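The structure appears right after this line, and notes come after that.
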């Protein structure tokens, strides 16, 4: 369905052919009271699971990870005992090595300045990413190459997927889809990032995650704010699964990576 | 249907009530008939144009003698007056035409048809009141009329004449965006405008994603917009009524006219079917943006499609003095396609069949059968993801309207209306090789019934009152599975209903009253109260409307939107009606307004109602309007100071927030100068405060990528908007056989970089920084159009 939105862009381009132009401008923006942001996940891989705790900061400051030190991070659901995370750098908290299991409801408690923010996420059943393939699309005389993720969607179950694409080790695209239109089918989902001119040896990596519904809604909404997936929307904070007004998301997910090397 | 009334308990009483009301209505009318004062006579007839035979809407008919009475010709050019026997002078006037006067001895009922000659000496401006001081004397307020034949002179984007964009230059009517034909009226959203084309509702009134309206001005005869004080015969939308009537066609002879512009061409042909008895009109327009694509030798460019077309057609036939038939239709479509991979098209079709009948000298009747359809088709032709989506909204509509002249102080309008709506939210089909599953989302059916009665009462020389009542009901009909959700959007229950069963009924009385009091011959004060109800709602979660926006009906969860509007105004003409001034104040309270939860996805969402939030709205403001109506130089200034807010428990912690269409100041200045017999110059200046909008008040990172924090909904303003357009029209030499003219225009003369959108993103050259990017759609744009007529 996403492809149809390209048509809007096309119509836009035609209108822009007249005189449309873009310019970087200065805009006075408020500096809101900082809020706690939690970016957390539990995967089905045996690894140190990571929780990032930060605060919002002014729009005009350089981009950074505004880490919050001294938070207490505790995960329940993995075995009989809660797992307490340790801080390895400002705002970055790490668990001992373990793997999450599908079907388990994980609960994460993050305490900052005596306020505890809680979120839960159920790890979905795993779907395997079979392969990646390259696809060419022509768009007004310009041909571009995209990567597509190929997998078989399990029938009769509502699935949500997240695609994290890196090109030459740089994170370029983070998007989500669900199986509302293709439940139970062989799916080839094109990731709409223009790969540009690739040379032999360039690596495209896609991490394919199965995520729960709330996580899907969060990332869908986050991407819509930045103009992904269709005509622009009135932006709003994506719905977090944390309580007490924290921003961010806690996702229990299965993970699968595939790489394609340009020959 | 009667059976289901009996079996379904509770709210069906409302439906019965509506039907009873209709019964009572007829009873009341019958009563009037009996109690009529004896000894009065009726004068009636039709007013037409001498050259074309087109009926004239809104001509003023005045009877002076031992008593004075007046009337205005209706949508079909018909008028009716009632008076005591005696000697009178009857005069008929219409702006832009020579006034006709004729002495008359009234001693029996008489039918007099008037044929008016165009008066070229007058140079009336675009927006015309029906008679010179109609704007002061009529109790109607919140009404603006646009004289379509004369909008040619106003500068427009790319030279495409557009009645909807001209409307946006009037106070209280705001553009929905740069170059956009969508509009906001007194704090309403774009879907709260009732747009009628020959009585048929037009669901999507724009082409090419909003840049052009579906109304080809060649085919339009009359256009009225009601911002408030809607007469009781109109209903179904909250904010405004835009009533557009198509040309009937020339009854005297064949003519053709057209124009060639930068992006489209138009042609209209009209003529008699039987001379002086019937006529037809066909008008068509097509854009040729895609022709430029064809110029490319690159197959990935020249195989793309992008165009729209419109066809308006109408025919009428007058059987005898008492019966006239009309058939009119509109068909328009936009088509976009990228070579052999995608296709997307959408459009409206409307058909209206009407029968005018005179039951007696006093009772005029019009019966209409109306069909209206809006649909879109999306095709993805790529092998493994092949699919096609078809979505539509269809109306079958039957209307019976009566106009009844009781006496020269009471004029009654009453009628009934039934509309059956079908909404097909989407039917997804695909080929066997495709990964897309075929899905047919459940259709929804609804029935709207309405009955109305209103009386225009001339209390005395100074005071006029129009009061009336509209009763409307909406019934959601089976078949289908109907869900009820709690406040968090969780399903409480799902109930299946069979075909034709009543799922949910809503009933609303809509009182309407307008009062005018004439202070002097040239000034008056007016006040009005109006309640409007809306049962069909457009869901759009993008910042602009799109052809794929979803229509929904009232349901177990969605309640009818209700607006109560109070308005008061001062109206004054001076310098022998050469200048017109009005000041109107309004306050509007809106209930059951709809917003979405964050992250709502409208595509293929069978549970969209689970994601809706309901709240209230309020809008208030003052509109000032001054116009110079005649002379070589004419034009107007319109200014609106207003506030539009919404209140939802789940948004901004239940605090009032600005609606996106909130703009504090809105100014339009229009000037037209007729320099010589052949040259006309004109100019438009607009200024408005930016819309309320949500911008970030901070940022953070998720998975290493920048995300923005929004602290307040619509807490910011887009940059202020202003623009100056100019145009010049060169009329051809008067020539009986062939006439042509040139229009030259410049849009945005001083190349103001108005913001179409403001985007926030990481600097592509320096990932450590974020930047604000303003996109401007239209800088300075020249245009030229050639028009002809023969």
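The values are calculated or read from the model by the stated rules, or taken from the named source; none is laboratory data. For clarity, every value in this text was computed on a predicted model and none was experimentally measured. FYI the Cβ positions are ideal-geometry reconstructions off the backbone, even for glycines, and counts take in every protein chain you see.
Observations on the model:
- Criterion: touching a helix residue (DSSP H, G or I) at 6+ places or on another chain (Cβ under 7 Å) and either over 16 Å from residue A:38 (Cα atoms) or touching a residue at least 12 places away in the same chain (Cβ under 8 Å) (or both) - qualifying residue of A:95, A:121, A:54, A:58: A:121
- In the set (1) surrounded by fewer than 16 Cβ atoms within 10 Å (Cβ to Cβ); (2) in contact (Cβ under 8 Å) with a residue 40 or more places away in the chain, the condition left unmet by residue B:325 is number (2).
- Residue B:368 vs. criteria touching a residue at least 12 places away in the same chain (Cβ under 8 Å), under 20 Å from the mean Cα position of the chain (by Cα) and either within 23 Å of residue B:429 (Cα to Cα) or crowded, with 22+ Cβ neighbours inside 10 Å (or both): no
- Just one of the numbered conditions (1) farther than 24 Å from residue B:270 by Cβ; (2) surrounded by fewer than 18 Cβ atoms within 10 Å (Cβ to Cβ) is not true of residue B:50: (1).
- Test for residue B:307: is it assigned to a strand (DSSP E or B), surrounded by 22 or more Cβ atoms within 10 Å (Cβ to Cβ) and either at pLDDT 95 or above or more than 10 Å from chain A (Cβ to nearest Cβ) (or both): no
- The stretch B:768-788, residues that are at the interface with chain A (Cβ under 7 Å from one of its Cβ atoms) and assigned to a strand (DSSP E or B): B:768, B:769, B:770, B:771, B:772, B:773, B:774, B:775, B:776, B:781
- Residue in the stretch A:108-123 that is within 30 Å of residue B:774 (Cα to Cα) and outside the structural domain of residue A:211 (by TED's automatic domain parsing) present: no
- Conditions (1) away from every other protein chain (no Cβ under 12 Å); (2) within 30 Å of residue B:448 (Cβ to Cβ); (3) at pLDDT below 95: number failed by residue B:431: (2)
- Of all residues making up the stretch B:434-479, the number that are more than 14 Å from chain A (Cβ to nearest Cβ) and assigned to a strand (DSSP E or B): 30
- For the stretch A:161-168, the criterion of being more than 17 Å from residue A:125 (Cα to Cα), within 10 Å of chain B (Cβ to nearest Cβ) and part of a loop (DSSP other than H, G, I, E, B) is satisfied by no residue at all.
- Checked against the criterion of being touching a helix residue (DSSP H, G or I) at 6+ places or on another chain (Cβ under 8 Å) and in a strand (DSSP E or B), the stretch B:226-238 contains not a single residue that satisfies it.
- The stretch B:165-208, residues that are part of a loop (DSSP other than H, G, I, E, B) and within 15 Å of residue B:619 (Cβ to Cβ): B:171, B:172, B:186, B:187, B:188, B:189
- Scanning the stretch B:475-515 for residues that are out of contact with any helix residue (DSSP H, G or I) (no Cβ under 6 Å at 6 or more places or on another chain) and at positive phi gives B:480, B:500.
- The set of residues in the stretch B:746-765 being more than 9 Å from chain A (Cβ to nearest Cβ) and under 22 Å from residue B:705 (Cα atoms) consists of B:764, B:765.
- Only listed residue being part of a strand (DSSP E or B) and more than 12 Å from every other protein chain (Cβ to nearest Cβ), chosen from A:176, A:190, A:147, A:199: A:147
- Residue match in the stretch B:480-488 (condition: over 30 Å from residue B:380 (Cα atoms) and within 14 Å of another protein chain (Cβ to nearest Cβ)): yes
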